[in-house]
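Everything below concerns the one structure shown next.
Just so it is clear, none of the values below were taken in a lab; they were calculated from the coordinates. Note that the structure is a prediction, hence the values are computed from the model and not measured. Don't worry about glycine lacking a Cβ; one is built from the backbone with ideal geometry, like all the others, and counts go over all protein chains shown.
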């Protein structure tokens, strides 16, 4: 127990150092790499005196360590600057749009785990047989397909050809008037569920299927492959053979005894796929016109909204560091050997 | 110091044997063989794009408004886009930024990452600490997010997108090569070289780096798929190749508004990305089975 606690504390410390390093890199990109950072910060229509004012404000005329100190002080106050496009603080924009992206990310990762792990187990269980071949083909297609292309193909198939699912957006337009969702948290699934707005709940669910599936394709492939590899390794071990010799049911052995020990490497991959999914939402949100952080970032990229781009970079990296921390701690909890390393 | 003749050492002979072994496995496995052929074919098409494309000028960006939105036909098997450009020619010409540039990106990432990894692994101590902590910082970002930030800091364009990807990919090779180097450092031929007074720089260049080539090749094959996807992604977002130049990712983006009626504009460039990435992934899987670079991590 003490060892685990020590591991968690040590891991927290490294995360803090990594975050400081991350801030150094974003500082470099935000203030040092561009030849005229002040002009970028205020946008293309700036007057020279405005640029001069911003230069003073950001401390761009002062030595680099002082500039970094100013940058860090702003960050710690939650000040990421103001978006050029919307004139609002970048942090407010991020907070407003986060629920839409997080809802997509959660459902996407849920799909990835719910499909990926059983598929991987199935594949390992039937190694070399048709189910294995099918799963392996599916996973290699999943990791080879660009998200921005898969999304379009799914739209063609499920909207244009079959007309089963909506084309884009989070909720149908007419529903906004007939059954508006009370914006409690802006997690629409949750909001419509809690207010028992079933019509809206169904509509929101339908809208989520294609984006979440597009986002999940790559993680499903990766998770299925890793689960398969880990399962194959575990299934060869003596204790599994012993369990078989005792006549314990195959289903119990596969899903209870083997999967439990194969789960640790799978968890690592789940953590890794979050990194993919974070940037994956950018493409999915453009394709499905999803009003989240990705759409905001991509618009900022196109409009050269520099404060917004740098704010999102820092936000994304921070989220990733925290996810990695959580995965490591979870792993130490599942597999006690890790905290001993 | 007098030069000491360097005899071919045991692992160097072994690596030559591994290479022949790899070739024989690829030739015997139908999927890997097809993948290799597909990759070589696409690279040849990219190199000879001007000769292969039926309408090279349209492929490069010249508009032909009378052919606007022409559906696929024998004369234009992939149809034509909004500005009437032959899509087959566009896809062929787009192979350069979409395929050749990622190969260059991986090459540069190896050239930066591998020597740093060898130095870190060989020297150990504070040199190792410093180099590895720096790579940790870069790896703390999701690669594509870092590449997006760098590409927008440098300004849009194919060259800057490529630089951005190199900057976010080199640390993986530093990690890999460091691991291989640490396992090599204990071997007799390195100890023998050290004992006879061969300079560190010579040991790293002549004895360590050549022995890291096979794991690097495996890793690079797998990475190429990822870098092609990332490059396509940056182009799709408008951070890579700028119009009217052709690029697969950019073309998928250009056809997005017409996807429900003129499906061919996005479909064929996207298919090209998918096929190439699939080929690299299939080949990478085979190579990884023969020679797992992860065993050094």
**Request:** Could you tell me whether the protein assembly as shown comes out rounded, prolate or oblate from its Cα gyration tensor? Rule is a ≥ b ≥ c as square roots of the eigenvalues, rounded for a/c under 1.5, then prolate if a/b exceeds b/c, otherwise oblate.
**Result:** rounded
**Request:** Could you state the angle between the C-alpha long axis of helix A:306-334 and the longest principal axis of the C-alpha atoms of chain A, as a value from 0 to 90 degrees rounded to the nearest 10?
**Result:** 30 degrees
**Prompt:** Sorted by mean Cβ packing within 10 Å, highest first, what order do the peptides B:220-227, A:25-32, B:27-34, B:256-263 take?
**Reply:** B:220-227, A:25-32, B:256-263, B:27-34
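Kindly identify the stretch A:1-114 as rounded, prolate or oblate by the Cα gyration tensor criterion: order the square roots of the eigenvalues as a ≥ b ≥ c, call it rounded if a/c is under 1.5, otherwise compare a/b with b/c, prolate if a/b is larger, else oblate. Write down the numbers at each step before the final one.
Details: a/c = 3.07, a/b = 1.49, b/c = 2.06.
Oblate shape, in that a/c is at least 1.5 and b/c is the bigger or equal ratio.
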**Asked** Which value in nm describes the separation of the simple spin-label points at residue B:133 and residue A:252, placed 7 Å from the Cα toward the beta carbon?
**Response** 5.3 nm
**Prompt:** Efficiency by 1/(1 + (r/R0)^6): what FRET value for residue A:232 and residue A:49, r their Cβ-Cβ distance, R0 = 45 Å, to the nearest 0.05?
**Reply:** 0.10
**Request:** Along Cα→Cβ, 7 Å out, is where each label goes; now give me the distance between the ones at residue A:326 and residue A:137 in nm to one decimal.
**Result:** 3.6 nm
**Complete:** Here the gain from full extension of residue A:3 to residue A:56, 0.36 nm per residue of separation minus their alpha-carbon distance, amounts to 14.1 nm
**Request:** Measure off 7 Å from each Cα along the Cα-to-Cβ vector at residue B:202 and residue A:244, then give the distance between these two points in nanometres to one decimal.
**Result:** 5.6 nm
**Prompt:** Once the Cα atoms of helix B:213-236 and of chain B are each reduced to a long axis, what angle between those two axes, in degrees from 0 to 90 to the nearest 10, is obtained?
**Reply:** 30 degrees
**Request:** For chain A, just say rounded, prolate or oblate: build the C-alpha gyration tensor, square-root its eigenvalues into a ≥ b ≥ c, call rounded for a/c under 1.5, and beyond that prolate if a/b exceeds b/c, oblate if not.
**Result:** oblate
**Asked** Among A:318, A:185, which comes first, second and so on when ranked by fewest other beta-carbon atoms within 10 Å?
**Response** A:185, A:318
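Could you work out how much longer the chain between residue A:24 and residue A:66 gets when fully extended? Use 0.36 nm per residue separation minus the Cα distance between them, nm to one decimal.
Working: separation 42, 0.36 × 42 = 15.12 nm, distance 1.28 nm.
Result: 13.8 nm gained on full extension.
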**Message:** Using Cα-Cα distances under 8 Å and only pairs 6 or more residues apart, what relative contact order does chain A have, in percent?
**Reply:** 27 percent
**Asked** In percent, how large is the relative contact order of chain B, given Cα pairs closer than 8 Å and 6 or more residues apart?
**Response** 23 percent
**Message:** With an 8 Å Cα cut-off and a minimum separation of 6 or more residues, compute the relative contact order for the stretch B:94-220 in percent.
**Reply:** 35 percent
**Item:** Between 0 and 90°, nearest 10: helix A:64-76 axis offset from chain A longest Cα axis
**Value:** 70 degrees
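What number, rounded to the nearest 500 deg cm²/dmol, is the helix-based mean residue ellipticity at 222 nm of chain B, given -39500 (n - 2.57) per DSSP H run of at least four residues and division by all its residues?
Values: 13 runs with 200 residues, N = 297.
Rounded to the nearest 500, it is -22000 deg cm²/dmol.
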**Item:** Most mobile of B:233, B:157, B:197 in a GNM of chain B (Cα contacts under 10 Å)
**Value:** B:197
**Request:** Apply 1/(1 + (r/R0)^6) to the Cβ-Cβ distance of residue A:74 and residue A:268, taking R0 = 60 Å, and write down the FRET efficiency to the nearest 0.05.
**Result:** 0.95
**Asked** By count of other Cβ within 10 Å, fewest leading, how are A:187, A:274, A:282 ordered?
**Response** A:187, A:274, A:282
